[in-house]
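**Q** Please read through the structure below; I'll follow up with questions.
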Amino acid sequence: MSVLLLPLAVIAAGLGGWWVLLLPGFAWGLYSVIDALAGLNQDNADPDTPEAELFWYRAITMIWFPLQMALVYGMIWYVTRATHLGGWETFGLFFGVGVVSGTIGIVYSHELMHQTNRVERWLADLLLASVLYSHFRSEHLLVHHRYVGTPRDPVTARYNEGFHRYFYRVLTRCPPSAWRAEAALLERRGLSARSLRNPFWRYAALQFMFLTLAALIGGWAGVGLFMLQAGVAIWQLELTNYVEHYGLTRKHLGDGRYEHVQPRHSWNAAHRATNWLLINLQRHSDHHYKPQRRFPLLQTYPEDEAPQLPHGYPVMTALAMVPPAWRRVMNPRVRAWRKRYYPEITDWMPYKRGTTPMPR
C-alpha cells in the first residue's frame, strides 16, 4: 500500500491542477473511509513467530529509503524544470511528498531504529536525515521510552495543551534534550560530548548531504522544496506524538520515582486500514512494552487494559489541529481514564502543568 503512493505522485505531477491533492487524499481521506467500512482488527499474531517468517515484513521497511529518495529528488528535478505547474500546484505537490515522507518514511524509520541490526538502524538514520529531523532517534530511544508520561519527556502532551503550543514546545525542547541525553551517555563511557562517537556529528553530515544534493539538482528552489517536504513530515510526526499520549501520565510515587510504563499510558486504535498503512503504529501500548518487537507481531489490548481512540490517526490528527474540537472529544476520555486507573489522586494540577518532580 505504501508503494502505491509513488505512481500517484507521478500522476499528480504530470497532470497538475487539483490532482496534486492525490497524495494527502489517498493517505488521509481514503484510509479514514476504509476504516469506517472495515471496522476494527483486534486479532493478535503469535508474538513468538520466528524472525525468518518475517522476511517480507522487514523487506518493505528496508527498501523504502531508496524509493523515497527517488520520489523526493525525482520530483525536485521534474518540478524545477516543468512549465505547466503554477506556484500553488508546486506547493500542493510537495505538501503531498511531505505526507509520504511523514506517513511512510518516518513511521518506517521508527520501526527500523528500534532494531539491533546495524543496517536497519542506518536506514533509520538516513530516513530521518532526509526530513532534517535526525535528533528524533536520540530523543525517542534515550528519553521518550524511558520517561514517557513524566515531565522529563517533552513529547508527552499535557492535558488541555493545544497542539500548536505543544508543537512549539517540542521543536524547541527536543533537540537540546536529545543532545543532553547523548552527552550523558558519552560521559558514562568516559568520553566528551564533542567525541566523534556522538551521533550528532553523523546527523549533521547526513542532513548537509541531503540539502546539498537538493541544491545540485534544483538550485535554491530545490532546497526550498526539500525543506517544504521535510517540514510537512515533521508536522505529521509531532501530530502523531501529540495524539499517542495526550493527557496520560504515570503516577508519581515520591522522591522522583514513577510507576513503570504500562499499557494504560498510551492511546491505542484498532482501526484496520490505518494500521495497515502505518504498520501497526496505533498498537502503541505494546510498542512501549516491547520496543524491539517487529510491527506485525505488535499486540492490541482491550479497552479495560489500554485507552482507545474513537477514530484512527488520520481523523484524530486532523481533529488535533482544531484545539476546541479536540478538547471536546478527548478531555472527557482523559478524565474517565483518571477515574478508572487513579481514583486515589485528587489533585491533578501538578500533572496537568508538568510540575511533578523530575524522575530520578
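**Q** For the chain, take the longest principal axis of its alpha carbons; what is the angle in degrees between that and the long axis of helix 163-188, to the nearest 10 within 0 to 90?
**A** Approximately 80 degrees, to the nearest ten.
**Q** Counting pairs of alpha carbon atoms under 8 Å apart in space and at least six apart in sequence, what relative contact order in percent does the chain give? Intermediate values should be presented prior to the final figure.
**A** Numbers: 489 pairs, mean separation 85.5, N = 360.
Relative contact order here is 24 percent.
**Q** Most fluctuating residue of 300, 150, 83 in a GNM of the chain with Cα springs under 10 Å: which is it?
**A** Looking only at 300, 150, 83, the largest GNM fluctuation is found for 83.
**Q** Given a 1.4 Å probe and every protein chain left where it sits, what share in percent of the accessible area of the stretch 193-238 is carbon and sulfur?
**A** 76 percent
**Q** What percent do you get for the relative contact order of the stretch 238-312 when only Cα pairs under 8 Å and 6+ apart count?
**A** Relative contact order, the stretch 238-312: 31 percent.
**Q** Does a label point 7 Å from the Cα of residue 325, set along Cα-to-beta-carbon, have any residues of the stretch 1-42 with amide nitrogen under 14 Å, and which are they?
**A** Residues 29 qualify, since their backbone N sits under 14 Å from the label point.
**Q** While we're on this one: Average the reciprocal distances over every distinct pair of alpha-carbons in the chain, invert the result, and give the Kirkwood radius in Å.
**A** About 21.3 Å, per the Kirkwood formula over Cα pairs.
**Q** Kirkwood Rh, the stretch 47-156, all Cα pairs: how many Å?
**A** 15.9 Å
**Q** Residues of the stretch 148-170 with backbone nitrogen within less than 13 Å of a virtual label 7 Å along the Cα-to-Cβ line of residue 348, please, listed as ranges.
**A** 158-161
**Q** Which whole-number value in Å² is the accessible area per residue of the chain, probe 1.4 Å?
**A** 45 Å²
**Q** Whats the longest run of the chain with zero GluC sites (Glu not before Pro) that are DSSP loop and have at most 10 other Cβ atoms within 10 Å?
**A** 1-302
**Q** Under 11 Å from the Cβ of residue 163, count the other residues' Cβ atoms, weight Lys and Arg +1, Asp and Glu -1, and hand me the total.
**A** After counting each charged neighbour, the total is +1.
**Q** Rounded to the nearest 10 degrees, what's the angle between the helix 323-341 long axis and the longest principal axis of the chain, both from Cα atoms, 0 to 90?
**A** 40 degrees
**Q** Tell me, what % of the accessible area of the stretch 254-305 is carbon and sulfur with a 1.4 angstrom probe? Let's see the in-between values first.
**A** On the way: 920 of 2020 Å².
Its accessible area is 45 percent carbon and sulfur atoms.
**Q** Further, regarding this structure: In 10 Å bins starting at zero, report the fraction of Cα pairs in the stretch 203-248 per bin as a rounded %.
**A** All Cα pairs considered, the percentages come to 26, 36, 22, 13, 2.
**Q** Moving to a separate point now. Could you give the spread of the C-alpha atoms of the stretch 214-304 along their three principal axes, from largest to smallest, in whole angstroms?
**A** 54, 37, 22
**Q** With all protein chains present, how much of the accessible area of the stretch 36-117 (probe radius 1.4 Å) comes from carbon and sulfur, to the nearest whole percent?
**A** That share works out to 61 percent.
The values are calculated or read from the model by the stated rules, or taken from the named source; none is laboratory data. A quick note: this is a predicted structure, and the numbers were derived from the prediction, not measured. Virtual Cβ from ideal backbone geometry, glycine too; neighbours counted across all protein chains shown. Only protein heavy atoms, including side chains, enter the accessible area calculation; ligands, DNA and RNA are left aside. Shrake-Rupley method; radii C 1.70, N 1.55, O 1.52, S 1.80 Å.
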